[in-house]
Structure formats: C-alpha cells, structure tokens
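The values are calculated or read from the model by the stated rules, or taken from the named source; none is laboratory data. Remember, predicted model here, so these are calculated numbers, not experimental data. A quick note on method: Cβ atoms are made from the backbone with ideal geometry, for glycine too, and the neighbour counts reach across all protein chains shown.
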Amino acid sequence: MAQYKFHEPVLPAEIIDLLVRRPGIYVDGTLGGGGHSQAILRAILEAGYGEGSLLIGIDQDDAALHEAAESLRGYDAMTVLVKGNFKGIEGIVKSVCGAKGLKPKVAGILLDLGVSSFQIDSAERGFSYFREGPLDMRMDRETTLCAGDIVNTYEEKELARLFYRYGEEPRSRSIARAIVAYRLKNGSVLGTQDLAGIIRDNATGRDKIIKTLSRVFQALRIEVNGELDVLRHALYDGIDCLDNHGRMAVISYHSLEDRIVKTVFAEKAWSDWGPKGVGLREPLARGTVSLITRKPLVATQQEIAANPRARSAKLRVIEKIS
Ligand SMILES: C[S@@+](CC[C@H](N)C(=O)[O-])C[C@H]1O[C@@H](n2cnc3c(N)ncnc32)[C@H](O)[C@@H]1O
C-alpha cells in the first residue's frame, strides 16, 4: 500500500474498479491530499485511457489544493484543480470543459465526504476534540461562520436542536444547558478544550465521553460547513452532469450522510409502474440511474487495521442510464 502523510485514501481499489471504466472526464469533488485522484489517474493511464481523459479536482480548502498539486505533479497535462465547493459541480464542470472545448459530460464522479486526516490533525483548524485550538471548523477559511459563533451565540434551544439533529446526541439538552451556563459564568467558550471540558462533564464512562465528544463536534462541523445541504445539491447536480453510463461513487462516514446518499440514489433509480396489478409493459416514468451497489460496500478488516478511518466508510455507486 502506498504511504500518504496527508490522508490515506479509503477503499481505493473499489473506487478504481467501479469508477474507471473508459476514457473521459473524471471529477474528484473532494480532492483532499489527492490520494484518490492519483489512483484514478494511474488507473486511467494503465488502462490506456490517457488520450481524451481529464481529471477535475475540486476542494474548498486551500491547504488541500496545495497538497494535491504536489502529489499530482507529473499528471499536470491531465488535471485541472479548482478551489470551490462541490455543490457547484455543474458550473465548475461547464466552465472547465468550456475553456478546453470539451463536452461537459462526465464519465465518473467521486465524493469522499467529510474532512481529511490532515484537517483533523491541524490543531489550529479546531476540528479535533483532543487538540487545543480555536473553535473554527471551517473547511473553506474564506467563509465567515465559525464553530465559536454557534457555541457562543445560539440560544439554548437552538444548540440542543443542532446537537440532536446533526449529532444524534441523546444528551443534547443537558449539553446545551451546560454551554449556556458556562457562557453566563465565563463570558464565552473560547477554544476546543473549553468546549470538550463542558461536554466531558456531561457524559460518563470513557466510551460514552468519546462518543459524545465526537457527536457534538460532528454536529458543529456540519452546521459550520452546511454539509448536508451541499451534499444533497451535489448529488442531484452531479447526476445531471454524468454522461450515459457515467458513474458516481460516494463514500460517507456517518448515518446522516449515508441516509441522504441512499435516498437520492433510490429516488433517481425509481421507475413508476403505476398502481399494483395494472401490468404495464413500460413504466410511466423511468429511473435515470441504476444502483451498482444495492448495499453499501465497506472496508475489509485488513484495510481497517491499516487505516482505522476506513472503519465507518460506506461506498455507494450508481450509473446513469438515460
Ligand atoms: C475525506 S477528505 C478527501 C480525501 C481524498 N479523497 C484523498 O484521497 O486524499 C475530504 C476533502 O473534501 C473536502 N470537502 C469536503 N466537503 C467539500 C465540499 N462541499 N466542497 C469541496 N470540498 C469539500 C475537504 O476539504 C477535504 O479536503
């Protein structure tokens, strides 16, 4: 297995196998350190698809783009890296293809959701509940809303709703209450360790504490980056960008993301055969994608042992059929 210092890609063999099937335009909407992109480009060349292929790599984080530019050096002629949010995938594909005189029809799209190991390990980004840092959590540091704004200005009810909705946290109300009490006493919650301390005081048992920390931090990260809304957007618009038989692969890491992917894919795959028993020869409306993975693919024990981040990964793939 190749060694990546920035971020070890998850399910790389499955992504290559299910996504790279012909020459064409490939979009990596979550470039990160470029690990998946590198594997996709290598597979394109090994399959002899180099002629007529292009990889568009998108990330909203400047640090990721910088790292990916390094790791994809050597593939310059086949890559275009774009700073942006994958919710704008359609516009990005159109503008890159327009500039290159290509038809904006895509052979493969990858979304490997969430944050990279590098982002989590960078204390100053505020994603980690183990490291002292500011309550930031923005993937795109040009946006304005930070986790600290939420923690220090949302009302108790709004905080509780957020922790419950985006973290599925059972102690959402008592944590929200404790945050507001801390604000009244100390003025504001300053950094990740202040917040982690409040959460720790409201959970018991080591396992529970870790899970609670992880759920509350997840909820804040989702709110800061609008993660679920942009995902929904990108799935619909991404499917619209696909060429006939083009594929989209999405790796999600928690149930809220996976539920959205599963629901949108099922909705797009659904054909309307009218009321039961009518026996139509043709559906009234035909689905526009087929499900390549009926159940999500997960990592092998071997991959999880080498890359613990793969533990919660779920991969779903669809193919455009019209
Ligand atoms: C899990 S990492 C991807 C790692 C990558 N597959 C690799 O092999 O290195 C997710 C990356 O996607 C980026 N990202 C997450 N949501 C995004 C969005 N809505 N638009 C653009 N980039 C996003 C993050 O900044 C992060 O760099």
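Only residues that are within 10 Å of the ligand (Cβ to nearest atom), of a type in the set (Gly, Ala, Ser) and in a loop (DSSP other than H, G, I, E, B) were counted in region 1-55, giving 4.
Within region 108-131, count every residue that is hydroxyl-bearing (Ser, Thr, Tyr) and within 12 Å of the ligand (Cβ to nearest atom).
3
Any residue at all in region 244-258 that's in contact (Cβ under 8 Å) with a residue 24 or more places away in the chain, on the phi > 0 side of the Ramachandran plot and more than 14 Å from the ligand (Cβ to nearest atom)? Yes, some residue in region 244-258 is in contact (Cβ under 8 Å) with a residue 24 or more places away in the chain, on the phi > 0 side of the Ramachandran plot and more than 14 Å from the ligand (Cβ to nearest atom).
For every residue, the table says whether it meets (1) among the basic types (Lys, Arg); (2) away from the ligand (no atom under 12 Å from the Cβ); (3) in contact (Cβ under 8 Å) with a residue 12 or more places away in the chain; (4) closer than 16 Å to LYS314 by Cα.
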residue	(1), (2), (3), (4)
ARG221	yes, no, yes, no
VAL230	no, no, yes, no
LEU235	no, no, yes, yes
ILE239	no, yes, yes, no
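Restricted to region 41-87, and to residues that are free of Cβ contacts under 8 Å to residues at least 24 places away in the same chain and of a type in the set (Lys, Arg), which residue is surrounded by the most Cβ atoms within 10 Å (Cβ to Cβ)? Top of the filtered list is ARG42.
Quick one: which of ASN225, ASN186 is within 16 Å of the ligand (Cβ to nearest atom) and polar (S, T, N, Q)? Outline the logic, then answer.
Details: ASN186 fails: within 16 Å of the ligand (Cβ to nearest atom).
Result: ASN225 is the single residue among ASN225, ASN186 that is within 16 Å of the ligand (Cβ to nearest atom) and polar (S, T, N, Q).
On inspection, SER174 does not qualify as in a loop (DSSP other than H, G, I, E, B) and over 30 Å from LEU111 (Cβ atoms). Among the residues making up region 72-116, those that are small (Gly, Ala, Ser), under 22 Å from ASN244 (Cα atoms) and in a helix (DSSP H, G or I) are GLY88, GLY91, SER95, GLY98.
Search region 58-107 for residues being basic (Lys, Arg) and away from the ligand (no atom under 14 Å from the Cβ), and hand back the single one that is modelled with the highest pLDDT.
The initial filter retains those residues of region 58-107 that are basic (Lys, Arg), namely 73, 83, 87, 94, 100, 103, 105.
With away from the ligand (no atom under 14 Å from the Cβ) added as a condition, the list becomes 73, 94, 100, 103, 105.
Values: ARG73: 94, LYS94: 98, LYS100: 95, LYS103: 94, LYS105: 95.
Among them, the one singled out is LYS94.
Can you work out which of the residues in region 132-143 that are away from the ligand (no atom under 16 Å from the Cβ) and part of a loop (DSSP other than H, G, I, E, B) is surrounded by the most Cβ atoms within 10 Å (Cβ to Cβ)? Can you show your working first?
The first filter runs over region 132-143 and keeps only residues away from the ligand (no atom under 16 Å from the Cβ), leaving 132-135.
Subset that is part of a loop (DSSP other than H, G, I, E, B): 132-133, 135.
Working: GLU132: 14, GLY133: 18, LEU135: 22.
The qualifying residue surrounded by the most Cβ atoms within 10 Å (Cβ to Cβ) is LEU135.
For the structure I just gave you, tell me whether GLY148 is crowded, with 18+ Cβ neighbours inside 10 Å and either without any contact (Cβ under 8 Å) to a residue 40 or more places away in the chain or in a helix (DSSP H, G or I) (or both). Answer is yes for this residue. The single condition among (1) within 15 Å of VAL317 (Cβ to Cβ); (2) modelled with pLDDT of 95 or more; (3) loosely packed, with under 13 Cβ neighbours inside 10 Å that ARG294 does not satisfy is (2).
Answer with yes or no whether LEU228 is buried (at least 18 other Cβ atoms within 10 Å of the Cβ) and at pLDDT 95 or above. For LEU228, the condition - buried (at least 18 other Cβ atoms within 10 Å of the Cβ) and at pLDDT 95 or above - is not met. Picking from residues in region 164-189 that are loosely packed, with under 15 Cβ neighbours inside 10 Å and touching a residue at least 40 places away in the same chain (Cβ under 8 Å), the one that is farthest from the chain's Cα centre (by Cα) is SER188.
Residue by residue, here is whether (1) of a type outside the set (A, V, I, L, M, F, W, C); (2) away from the ligand (no atom under 16 Å from the Cβ); (3) in the same structural domain as LYS105 (by TED's automatic domain parsing); (4) at pLDDT 95 or above holds:
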residue	(1), (2), (3), (4)
ARG206	yes, yes, no, no
PHE217	no, no, no, yes
LEU242	no, yes, yes, yes
ALA266	no, yes, yes, yes
PRO275	yes, yes, yes, no
GLU282	yes, yes, yes, no
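Residues that are touching a Phe, Trp or Tyr at 6+ places or on another chain (Cβ under 6 Å), within 20 Å of LYS157 (Cβ to Cβ) and hydrophobic (A, V, I, L, M, F, W, C) occur in region 197-206; there is at least one.
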